[in-house]
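Undergrad: This is the structure I have questions about; it appears just below.
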Amino acid sequence: MKGVGAPPREASDGIEARLNAPLSEAAARGLEDDLARPLSWPLRVVDEFEEIVAGVALLLVVGSVSWGVLSRYVSRQPAAWAGEVAILAFAWIIFFGAAACFKHGLHPSIDMLVIRLPTALARSVNLFAHLCVIAFCLLMVYLGVIFSREAWTDPTPVLRLPYTVVYGPVTLGFALMLVRHLQFLWRHRRKGGS
């Protein structure tokens, strides 16, 4: 018995199959492509740049917070710089981690309605979505450059670093997201996708 608004049985079976699949086809193909051609270490560093920066920033957060706790409770002389370093590094984790998610196709995509559309209309909706992502990344890079440039003369309270260190990850992260999204579209198009 069908409930009100229940999808047709064929659509429901397709959704269940997609939900139960261990790895999306696109992700599996990307993984196969990555495993098919090993990279030399300099190219691998470039290819894994986002993960390297986010990993180093994570180490800085853990190290500075740990040092801040130790200095507060062991020596009774808190490290004033520890909190600021943790905040700065956290900004780098967020935006470079988001760029890494873009690279691996881990950004959320809700296609509950799109899969029910006719093929031509679904392609149009997907194209519009890709154009929106590209436009948003370009806007954020543009705004990030403006904020970074204006913040160059404004120092942080403790370390006296320019606030560009805070706004820089926004600019660089969204630039990398844009590059990774364009790479995804290029690979998808080369493989015969629409």
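None of the figures in this text is laboratory data; all of them are computed from the coordinates on show. Being a predicted model, the structure only gives us computed values, none of them experimental. Cβ coordinates were reconstructed from backbone atoms using ideal geometry, including for glycine residues, and neighbour counts include every protein chain displayed.
Undergrad: Using a simple charge model, +1 on the beta-carbon of Lys and Arg, -1 on the beta-carbon of Asp and Glu, nothing else, what dipole does the stretch 41-190 show about its Cα centre, in debye to the nearest 20?
TA: 340 debye
Undergrad: Can you work out the Karplus-derived ³J(HN,Hα) for every residue in the stretch 184-189? Use 6.51 cos²θ - 1.76 cosθ + 1.60 with θ = phi - 60°, whole Hz, and x for glycine or proline.
TA: For the stretch 184-189, the Karplus curve yields 4, 4, 5, 4, 5, 5 Hz.
Undergrad: Now a separate question. Where in the stretch 37-78 are there trypsin sites (Lys or Arg not before Pro) that are in a DSSP coil and have at most 12 other Cβ atoms within 10 angstrom of their Cβ?
TA: Loop-located and lightly packed - Arg76.
Undergrad: Now for a separate question. In Å and on Cα atoms, what radius of gyration and Dmax does the stretch 41-190 show?
TA: That works out to 19.6, 67 Å for Rg and Dmax.
Undergrad: For the stretch 127-134, just list the computed ³J(HN,Hα) in residue order, Karplus coefficients 6.51, -1.76 and 1.60, θ = phi - 60°, integers in Hz, with x standing in for Gly and Pro.
TA: The phi angles translate into 4, 4, 5, 5, 5, 5, 4, 4 Hz.
Undergrad: If you filter the stretch 114-194 for trypsin sites (Lys or Arg not before Pro), then keep DSSP loop positions with at most 11 other Cβ within 10 Å, what is left?
TA: Taking the stretch 114-194 and a limit of 11 other Cβ atoms within 10 Å, the loop trypsin sites (Lys or Arg not before Pro) found are Arg160, Lys191.
Undergrad: How much length, in nm to one decimal, is gained on full extension between Tyr73 and Ile134, taken as 0.36 nm per residue of separation minus their Cα-Cα distance?
TA: 17.2 nm
Undergrad: Taking amide H atoms as placed 1.01 Å from N in the peptide plane, list the residues 5 or more away in sequence, or in a different chain, whose amide H sits under 5 Å from that of Thr156.
TA: Leu161, Tyr163
Undergrad: For Ala79, list long-range residues whose amide hydrogen, built 1.01 Å from N in the peptide plane, is under 5 Å from its own amide hydrogen.
TA: Placed amide hydrogens put Ser71, Arg72 under 5 Å from Ala79.
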